[in-house]
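One structure is given below, encoded as structure tokens.
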Amino acid sequence: MPILEFFKAIILGIIEGITEWLPISSTGHMILFNSFWPMDPALYRGKKAFIDLFLVVIQLGAILAVMVLYRHKLNPFSRRKTSEQKKGTWNLWFKVFIGSIPCGIVGVLFEKTIKTNLFNAQVVAAMLIIYGVLFIVIENMRKKPRLQSTDAITYQVAFFIGLFECLSLIPGTSRSGSTILGAILLGCARPAAAEFSFFLAIPAMIVASLKDVYDYFKVWGAGFSAMEAGVLLLGMAVAFIVSIFAVKGLMKFVRKHDFKAFGWYRIALGAAVILLSFTPILKVTA
């Protein structure tokens, strides 16, 4: 029934809004949800391609939340900023640009290879567990951070964080997980690591969404049905609202706690994916 698809869009929007920003892998959670209650291609003119597009484009709702929450910090044209503050904002955007280069290059060169060979439950489970263990180990070994804010992050550090972002192309790794982990290893305080991870997501998610829309229209022609447009807009709206709370909650959490709780959660989720992969329940690839 169409009404159930709108309900699924709401649930997927909630999943996206939470898991996009927490270092716990949105892909892993999407796999579990789609395994138990997949969207029905028959309701989208028989096109599974629309469902794949939906799962990517709802990210725009999530990224809009970051742009709204950090609108003052990210706006180099704000009249409330001094010339020095505007210069600092431009420097931040240049760092984001530098940090986005590695993943952009690797993504263009290896996107098809990665989607063909790595988008499966086994890879997702392995990455969930491996990075879960790394979060726990690195937090236990962690020394006092030297970079307390995003302003203190240098261009060199931004580039190396971007190299860590390349790891997120492997499903189950988590884009926020790889960039936050990389930033911590490079000496960033947890709040600075989380914030810079948010900002790095802006170009990555916008470009990925627009590319998928272009590829979709190139194959299927322009235009969505009323059903498709409604489901897509609803998922984006829910992802936006939930992301507002998720981003605020994560920033509040990391000011007082470490990331080990997320590490244990990833391990548990990875184990669940492995167990389900041996049952008829888990039929959907990542």
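Within the full protein context, the accessible area of TRP90 is estimated at about 100 Å² for a probe radius of 1.4 Å. Once the Cα atoms are used to define both axes, helix 190-220 deviates from the longest principal axis of the chain by about 40 degrees. By how many degrees, between 0 and 90 and to the nearest 10, does the Cα long axis of helix 175-185 differ from the longest principal axis of the chain? Its long axis makes an angle of about 20 degrees.
Over the chain, dividing the summed -39,500 (n - 2.57) contributions of all DSSP H runs of at least 4 residues by the number of residues returns a 222 nm mean residue ellipticity of -25000 deg cm²/dmol. For the range 12-52, the fraction of C-alpha pairs more than 14 angstrom apart is 53%.
Global dimensions of the range 54-98 from alpha-carbon coordinates: Rg and Dmax equal 13.0, 41 Å. Converting the Cα gyration tensor eigenvalues of the range 116-202 into ellipsoid dimensions via √(5λ) gives semi-axes, longest first, of 24, 15, 9 Å. Scaled against 2.2 N^0.38 Å for its residue count N, the alpha carbon radius of gyration of the range 198-286 is 1.49.
For the pair THR82 and TRP37, label points projected 7 Å from Cα toward Cβ lie 5.3 nm apart.
Rg/Rh, computed from the Cα trace of the range 5-85 with Rh as the Kirkwood radius, has the value 1.17. If a spin label sat at a point 7 angstrom from the Cα of LEU69 along the line to its beta carbon, no backbone N atom of the range 93-125 would be nearer than 18 Å.
Modelled label positions at LEU185 and ALA226, each set 7 Å beyond Cα in the direction of Cβ, lie 5.2 nm from each other. Straight-line cross-link partners of LYS48 among the lysines, defined as a Cα under 29 Å from its Cα and at least 8 positions apart when in the same chain: LYS8, LYS112, LYS115, LYS211, LYS218, LYS283.
Semi-axes of the equivalent ellipsoid for the chain, computed as √(5λ) from the eigenvalues of its C-alpha gyration tensor and ordered from largest down, come to 31, 23, 17 Å.
Counting only residues at least eight positions apart within a chain, or on another chain, the lysines with an alpha carbon under 25 Å from that of LYS260 are LYS143, LYS144, LYS248, LYS252.
For the range 137-286, the Cα-based Rg and Dmax, in that order, read 18.4, 54 Å. Between LYS48 and LYS144, what's the calculated FRET efficiency when r is the beta-carbon distance and R0 is 51 Å? Round to 0.05. According to the calculation, E is roughly 0.55. Sorted from greatest to least, the principal axis extents spanned by the alpha carbons of the range 1-150 come out as 56, 41, 30 Å.
The values are calculated or read from the model by the stated rules, or taken from the named source; none is laboratory data. Keep in mind that this is a model prediction, so the values were computed, not measured. Neighbour counts are summed over all protein chains in view; Cβ atoms, including those assigned to glycine, are modelled from backbone coordinates with ideal geometry. With ligands, DNA and RNA removed, areas are computed over all heavy atoms of the protein, side chains included. Shrake-Rupley method; radii C 1.70, N 1.55, O 1.52, S 1.80 Å.
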